[in-house]
1. Restricting the search to the stretch 136-147, which residues are part of a strand (DSSP E or B) and either touching a Leu at 6+ places or on another chain (Cβ under 7 Å) or among the charged types (D, E, K, R) (or both)?
2. Just checking, does the stretch 110-120 include any residue being at pLDDT 95 or above, surrounded by fewer than 14 Cβ atoms within 10 Å (Cβ to Cβ) and part of a loop (DSSP other than H, G, I, E, B)?
3. Considering each residue of the stretch 148-158, count those that are part of a strand (DSSP E or B) and crowded, with 22+ Cβ neighbours inside 10 Å, and give that number.
4. Being in contact with a strand residue (DSSP E or B) (Cβ under 8 Å, 6 or more places away or on another chain), more than 24 Å from ARG216 (Cβ to Cβ) and in a strand (DSSP E or B) is the requirement here; does ALA161 meet it?
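The values are calculated or read from the model by the stated rules, or taken from the named source; none is laboratory data. Please read all numbers here as calculations on a predicted model, not as lab measurements. Here the Cβ positions follow ideal geometry from the backbone for every residue, glycine too, while neighbour counts run over all protein chains shown.
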Amino acid sequence: MTSRRPLIPAVLAATLALAPAAAAQAPTLQFDRACYAEHQPMVFSGAGFTPGGTVDLLVSALDPSAVFGQIETTADATGAVSGSPAAVEKQFLAESEVREQRLASANDRTRIEQGADPATQAAFATFTFTRWMAFSPRRLVAGRKAPVEIFGWAFAAGQTAYYLLRKGGRTVASVKVGTITGDCGDLDKRVRVPRKVRPGAYKAYLSTDPRGPGTRGAWLRVKVTRKASASAAARSGGMRRFG
């Protein structure tokens, strides 16, 4: 009796040869954070684009007709894209805006020009962009508490903030404020001005370094007194923004 070789491999090969090319899959896009502030690297990555093809990354308001900025990149041999641009406020926020959600779309130019399935032409992701600011009163009373606010420090979210009083390039007092919380980095606390601080003029900083102002460099001129008075409170005018 003559043995017969199995036909399965040959049949399978024929089936694969006759099968049409797989349809392109919908691409993907993601950012490494939910919120960003000025000069903070915005790390993005995506996959599923045309290998070696041009991909236009557009950033707009949630209404895609209002485009704020555009980055052109090229997908690698596997169809992946990546980058880490550092944006400035005017690229993502109108003058009257403080914190807004933005829409990013990564557009596969090859598929768009070929009229491919719209579901495979672009990938989308959202993030929030915020201004970063800091506030405190101009007049402080040694031994008493003063309000301090940090807003939009996305670059320092999860870190500990310190209120520094400096004179002549030296840190005279460093007070722990607390942990900067949330995706966009906010903190609103009252801190006690050390009783040992002598009356006089100082530069106040909010920093994640208990010894110095760090890299951001915002500061505010403040005056420390030994006791509060109604007239002093009136002249202080409440909270002031660090510049």
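1. If we filter the stretch 136-147 for residues that are part of a strand (DSSP E or B), which is where we start, we get 136-137, 139-141, 145-147.
Scanning the stretch 136-147 gives SER136, ARG139, LYS145, ALA146.
2. If we filter the stretch 110-120 for residues that are at pLDDT 95 or above, which is where we start, we get 110-120.
Among the residues that remain, those that are also surrounded by fewer than 14 Cβ atoms within 10 Å (Cβ to Cβ) are: 113-115, 117-119.
Cutting the leftovers down to part of a loop (DSSP other than H, G, I, E, B) gives us 115, 117.
Yes: the stretch 110-120 contains one or more residues that are at pLDDT 95 or above, surrounded by fewer than 14 Cβ atoms within 10 Å (Cβ to Cβ) and part of a loop (DSSP other than H, G, I, E, B).
3. We begin by selecting, within the stretch 148-158, every residue part of a strand (DSSP E or B); these are 148-151.
Restricting the remaining residues to those that are crowded, with 22+ Cβ neighbours inside 10 Å gives 148, 150.
The number of residues fulfilling the criteria is 2.
4. Values: in contact with a strand residue (DSSP E or B) (Cβ under 8 Å, 6 or more places away or on another chain): yes; more than 24 Å from ARG216 (Cβ to Cβ): no; in a strand (DSSP E or B): yes.
Judged against the criteria, ALA161 is not a match.
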